[in-house]
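Undergrad: This structure is in structure tokens; I'll ask about it shortly.
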Amino acid sequence: MFFRRAREDRVFREAQRAGYELILQLQATQPWPDFPEQTAPGPAEEAVAADFLPPDLRVPSRQEMAGLMMRWLQPLIIEDEVRTCPGCGAYRDWIVFCMRDDSVWLRCRSGHETKEPGLDAAWYNRNSGPVERFHPTLEEGLRYLGH
């Protein structure tokens, strides 16, 4: 009984392989009229897709921006401790910056800035919402966020 099932399985696998080889031969010899032949793009051809957005509608990439910023109104708790500003002692109403090099900086309402080693870009991405606006200068972004 065991040998009969193994033999049937082997015959079935051989039939599958033979069918697969026939399909490959058919695809190699059959011209498909619905699909044009794919040609490799030359070095002079542009790599941008034809349906890509025009330049004035494109969003800047992460490498084109100096960083991202968000407002953090509540107290910032890092490793079970409330983070306070070393300059003035403020513990809420932060502006959190995520820079191009994935470092995270904090800025209090008084303007003191400090690098926060306990936070990283992954934390920023988890806690920030979608990008609402792009600002050409830091001052304009701070003004927009109320600082």
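The values are calculated or read from the model by the stated rules, or taken from the named source; none is laboratory data. All figures in this text were calculated on a predicted structure; none of them were measured in a lab. Areas reflect the complete protein model, heavy atoms only, side chains present, ligands, DNA and RNA absent. Shrake-Rupley method; radii C 1.70, N 1.55, O 1.52, S 1.80 Å.
Undergrad: I need the phi-derived Karplus couplings for the range 138-147: 6.51 cos²θ - 1.76 cosθ + 1.60, θ = phi - 60°, integer Hz, Gly and Pro marked x.
TA: 5, 4, 5, x, 5, 4, 5, 8, x, 10
Undergrad: Return the sequence-ordered ³J(HN,Hα) values of the range 72-85 in whole Hz as given by the Karplus equation 6.51 cos²θ - 1.76 cosθ + 1.60 applied to θ = phi - 60°, using x for Gly and Pro.
TA: In residue order, the calculated couplings are 10, 7, 6, x, 9, 10, 10, 6, 6, 10, 6, 7, 10, 6 Hz.
Undergrad: Give the dimensionless ratio obtained when the Cα radius of gyration of the range 47-147 is divided by 2.2 N^0.38 Å.
TA: Working: Rg = 15.7 Å, N = 101, 2.2 N^0.38 = 12.7 Å.
In units of the globular-protein estimate, the range 47-147 measures up at 1.24.
Undergrad: So, one more: Tell me the per residue accessible area of the range 50-102 using a 1.4 Å probe; a whole number in Å² is fine.
TA: Here the per-residue accessible area is 72 Å².
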